[in-house]
Amino acid sequence: MRDPWGIRPLAYKHLGDGVVFASEDVAIEGGIEVPPGLAFLYGRRVAFWKIPPGVGKICALEYVYFAHHATKLGGRLVLEVREALGKALAELETEDIDVVTYVPETSRLAALSYASALGKPLVDAVVKNRYAGRIFIAPPHARLPSDAFRVVPELVRGKNVALVDDSIIRGTNIKTVVAKLKEAGAKKVHVRIASPPVRWPCFFGMDFQTRRELIAHGRSEEQVRSLIGADTLKYLPLEKFREIIGEACYACFTGEYPQKLDIKQAEAELGRAPA
């Protein structure tokens, strides 16, 4: 069953006498998106049960970070959305940029589009250990970005570097990468984020359920810049972000949830409420 808002994706495909399901259509090669509020009852035959759906509100972070770039969400290819985000980010640029790099791997498409719009080279200066996995969703004790990332000094030494990432959640990855770029000899590091600041927790499937773990909660853009050690920091404005993505759940950016809830109570029920 897919929830009535369609916050998380779901796809299906008939295969022989059965049906296969996956969170994204790319996993089953030609899958069809399950509409919000639709349940599949599968036994000797396939039946459908539909509850009244709400307004479709796919999680905006699915487009930004979580989904595979070859997936279609709401009929739109994630790849094309990420390219549009990068292009919009380039329209805001005012700094002198020599080269563009990115935090591997989901921000690469936004970085490529950003670099192309500026007419600057995209370099794979930040290298990620392929066995490190997604640090963002790893347990706290297993988040070791210093072991996961390396920088190629020859690609950044003496240069003004634009470092593109899709989002900043806790700030652990970006802070580490900025430091490593400067250690490698980068003249300046300008961090560019292809989404607005994530200031609010998610209770609908993303792994950040408290405000205290979010680097942007209660902090200005300048304060976040100082914490991560960047020379400059720019996020994509919420208005432009909404314009590109369309109808979606933006709760982690705005604090406006698709369902009425008490944030303090929700945090407390997880046993990790802020003091």
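I'd like the FRET efficiency for residue 221 and residue 17, computed as 1/(1 + (r/R0)^6) with the beta carbon distance as r and R0 of 51 Å, rounded to 0.05.
Details: r = 56 Å, r/R0 = 1.09.
Computed FRET efficiency for residue 221 and residue 17 comes out at 0.40.
Around residue 123, with a cut-off of 13 angstrom between Cβ atoms, what is the net charge of the other residues, counting Lys and Arg +1 and Asp and Glu -1? Intermediate values should be presented prior to the final figure.
On the way: positive: 108, 120, 157, 159; negative: 98, 124, 154.
Around residue 123, the surrounding residues sum to +1.
Looking at the chain as a GNM with Cα springs under 10 Å, which of 255, 158, 43 has the largest mean-square fluctuation?
Residue with maximal mean-square fluctuation among 255, 158, 43: 43.
With runs of 4+ DSSP H residues as the only contributors, calculate the mean residue ellipticity of the chain at 222 nm using -39,500 (n - 2.57) per run, divided by the residue total and rounded to the nearest 500.
After summing the helix terms and dividing by residue count, I get -6500 deg cm²/dmol.
With θ taken as phi - 60° and the coefficients 6.51, -1.76 and 1.60, list the Karplus ³J(HN,Hα) couplings across region 254-261 in order, rounded to whole Hz; mark glycine and proline as x.
Using θ = phi - 60°, the values come out as 10, x, 9, 8, x, 10, 5, 8 Hz.
Once Rg and Dmax of the Cα atoms in Å is worked out from the coordinates, which option in (i) 17.8, 52; (ii) 19.8, 67; (iii) 18.4, 62 does it equal?
From the options (i) 17.8, 52; (ii) 19.8, 67; (iii) 18.4, 62, the structure gives (ii).
Are any of the pairs 50/260; 13/260; 187/234; 128/234; 72/260 more than 25 Å apart by Cα-Cα distance, and if so, which?
The answer is 13/260; 72/260.
Every read-out reported here was derived from the displayed coordinates using simple, explicitly stated rules and does not represent laboratory data. The structure presented is a predicted model; accordingly, all values stated were derived computationally and were not measured. Here the Cβ is made from the backbone with ideal geometry for all residues, glycine too, and neighbour counts use every protein chain on show.
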